[in-house]
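Engineer: Okay, handing you the structure first.
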Amino acid sequence: MQAKRPSESRTVMTDMVLPSETNPINNLFGGELLARMDRAASIAARRHSRRITVTASVNHVAFNESVPVGSVLTVEAVVSRAFRTSMEVYIDVWMEDRFSGERSKANEAIYTFVAVDENGRPTEVPPLEPENEQEKQRYVGALRRKQLSLVLAGKMNPQEATELKALFT
Ligand SMILES: CC(C)(COP(=O)(O)OP(=O)(O)OC[C@H]1O[C@@H](n2cnc3c(N)ncnc32)[C@H](O)[C@@H]1OP(=O)(O)O)[C@@H](O)C(=O)NCCC(=O)NCCS
């Protein structure tokens, strides 16, 4: 299969935070942000694979900043590495200042998607060829994160997690 560039999967979704999506202190409810990120990441995985994709795991989420009601939020998702049937998708969330229009980083997350056929069976995806420095860094780290996710899910023997072990030796 022909390799694809990260830019081919990049997905950007901008939307406002409405009162019905907030917690009792008027900040965006965490589950709503997870859903927005899942939707953008799912589109990115689909753009890379041109297959049906399902969320296999949420590997990392950092709610570093609260997002007040009325904020304009932009979710950017891009495939950071493709393996055989799975893809790591990196998600950056930006908040736009109401008055200056300046963007600041609100959150980030890393999800794993698997491409499946009509019967839900995992199916192969094209490889990814990172281009710029950030894409290359994320690409390298993705194997370590995949191994950690599989170990935590009980799907990989920690002894076989070579990339993870290399961090400590
Ligand atoms: C995701 C799913 C297809 C994986 O099925 P499976 O039987 O584990 O399939 P495999 O063992 O062949 O794994 C398929 C790929 O997923 C990866 N994978 C599976 N579980 C993973 C996890 N927890 N973390 C990271 N990668 C994972 C495997 O490493 C493999 O990747 P590779 O082919 O690129 O090397 C299956 O578990 C499923 O359909 N889950 C439900 C998905 C869903 O409904 N999501 C929405 C939740 S509401």
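No lab work stands behind these numbers, since they all come straight from the coordinates. These numbers were taken from a predicted model, which means no experiment stands behind them. Reconstructed Cβ throughout: ideal geometry from the backbone, glycine too, with neighbour counts over all protein chains shown.
Engineer: Would you mind ranking 43, 91 so that the residue whose beta carbon has the fewest other beta carbons within 10 Å leads the list? Each step should come with its number before you reach the end.
Structural biologist: Values: 43 18, 91 25.
With the fewest neighbours first, 43, 91 line up as 43, 91.
Engineer: Which net charge results when you count Lys and Arg as +1 and Asp and Glu as -1 among the other residues whose beta-carbon is under 9 Å from that of residue 73?
Structural biologist: Working: positive: 36; negative: 15, 96.
Surrounding charge for residue 73 is -1.
Engineer: List the pairs from 4/155; 105/136; 136/165 whose alpha-carbon separation is above 26 Å, in the order I gave them.
Structural biologist: Working: 4/155 28 Å; 105/136 21 Å; 136/165 21 Å.
Correct reply: 4/155.
Engineer: Right, something else. Of 62, 142, 109, which has the largest mean-square fluctuation in a 10 Å C-alpha GNM of the chain?
Structural biologist: 62
Engineer: Output the 0 to 90 degree angle, nearest 10, between the alpha-carbon long axis of helix 30-49 and the longest principal axis computed from the alpha carbons of the chain.
Structural biologist: The angle comes out near 50 degrees.
Engineer: What angle, in degrees between 0 and 90 and rounded to the nearest 10, separates the Cα long axis of helix 133-152 from the longest principal axis of the Cα atoms of the chain?
Structural biologist: Orientation of helix 133-152: about 70 degrees from the principal axis.
Engineer: Rg(Cα) of segment 1-76 divided by 2.2 N^0.38 Å? Walk me through the numbers on the way to the answer.
Structural biologist: On the way: Rg = 14.5 Å, N = 76, 2.2 N^0.38 = 11.4 Å.
For segment 1-76, the normalised Cα radius of gyration is 1.27.
Engineer: How far apart, in nm, are the 7 Å Cα→Cβ label points at residue 72 and residue 5?
Structural biologist: 2.7 nm
Engineer: What does the extension gain come out to for residue 166 and residue 62, with contour length at 0.36 nm per residue minus their alpha carbon separation?
Structural biologist: Extra length from residue 166 to residue 62 when fully extended: 35.0 nm.
Engineer: Right, another one. Of 104, 13, 57, which is farthest on the positive side of the dipole of the chain, counting Cα position, with +1 on Lys and Arg Cβ, -1 on Asp and Glu Cβ, and the Cα centre as origin?
Structural biologist: 57
Engineer: OK, next. Strictly greater than 16 Å: what percent of every Cα pair in segment 6-130 meets that? Before the final figure, lay out the partial values.
Structural biologist: Working: 4615 of 7750 pairs.
It works out to 60 percent of all Cα pairs.
Engineer: To the nearest 20 debye, what is the magnitude of the charge dipole of the chain about its Cα centre, counting +1 on the Cβ of each Lys and Arg and -1 on the Cβ of each Asp and Glu? Don't skip to the answer; put the middle values down first.
Structural biologist: Working: 22 positive and 22 negative charges, 117 e Å.
Computed about the Cα centre, the dipole is about 560 debye.
Engineer: Considering only the other residues whose Cβ falls under 13 Å of the Cβ of residue 37, what net charge follows from Lys and Arg at +1 and Asp and Glu at -1? Could you put the intermediate results ahead of the total?
Structural biologist: Numbers: positive: 36, 39; negative: 15, 32, 38, 76, 92, 108.
With Lys, Arg at +1 and Asp, Glu at -1, the net is -4.
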